[in-house]
1. Within the stretch 91-138, which residues are at pLDDT 90 or above and assigned to a loop (DSSP other than H, G, I, E, B)?
2. Anything in the stretch 98-116 that is touching a strand residue (DSSP E or B) at 6+ places or on another chain (Cβ under 8 Å), surrounded by fewer than 20 Cβ atoms within 10 Å (Cβ to Cβ) and under 15 Å from residue 181 (Cα atoms)? List them, or say none.
Amino acid sequence: MRARGVAWRALWPVWVPAVAFLVLNLAAYGWLSGKNVGRQAQIRADVERLEARVEHLRKVQATAAAERGAVVQLNADLQNLYGNVFGSLSERLTGILRGVGDATRQAGLHPEQFRYSAKRDQKLKLVAFGVQFAVTGRYEQIKQMLAALQASPELLIIDQVSIGGESGTVSNQLEVAVHLTTYLASADEQLLKQLTGGLEASGGGNVGD
């Protein structure tokens with residue numbers, strides 16, 4: 001036993017560096033392992049944060065796509081509104097006069113003294129086209145005519161209703177002047193000139209004009 005101990009002591013230049021190297025390696029491994037665990041946790045947190053960011057961006061993208069679709073639909077609706085509802089004077093004039101004619105005919109009234117006017121509405125960027133006419137009839141007929149005008153698909157707005165007649169006359173007949181307005185997306189200048197003399201002017205016409 002003593003000889004073996006002497007041998008170990010004699011070989012210390014060999015085994016002491018080996019043991020020291022092993023201890024250093026174990027310490028380094030432990031340090032690196034701890035560092036790697038912390039690094040893995042950091043990487044995991046970064047990945048989770050990036051995944052949350054990606055999910056948020058996906059939602060933003062979906063919302064943006066939906067909003068773009070809504071804008072496209074809105075533009076289509078506006079085009080339909082301007083083209084089919086407002087339209088041009090040449091396209092709508094017949095329908096406007098037909099709407100007035102149907103409303104008065106259903107009420108048993110005969111319109112006269114048609115006058116037209118036109119002016120540009122800068123705020124709406126449309127042309128306000130006015131139609132004025134007069135009728136004579138009973139109160140029930142007038143009320144029926146006004147209700148039919150309001151229900152017209154031609155978007156006729158009743159601006160003014162004036163009741164006239166000779167003072168002191170006793171009659172169940174009312175003389176009523178009606179002013180209507182509709183809006184146009186565009187108006188042919190030549191046609192406007194024929195009807196009104198041009199924008200901001202007015203002119204006369206017959207029922208068949």
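The values are calculated or read from the model by the stated rules, or taken from the named source; none is laboratory data. Bear in mind the structure is a predicted one, so any value in this text is a computation, not a measurement. Cβ: placed from backbone, ideal geometry, glycine included. Neighbour counts: every protein chain shown.
1. 107, 108, 109, 110, 111, 138
2. Of everything in the stretch 98-116, those that are touching a strand residue (DSSP E or B) at 6+ places or on another chain (Cβ under 8 Å), surrounded by fewer than 20 Cβ atoms within 10 Å (Cβ to Cβ) and under 15 Å from residue 181 (Cα atoms) turn out to be 114, 115.
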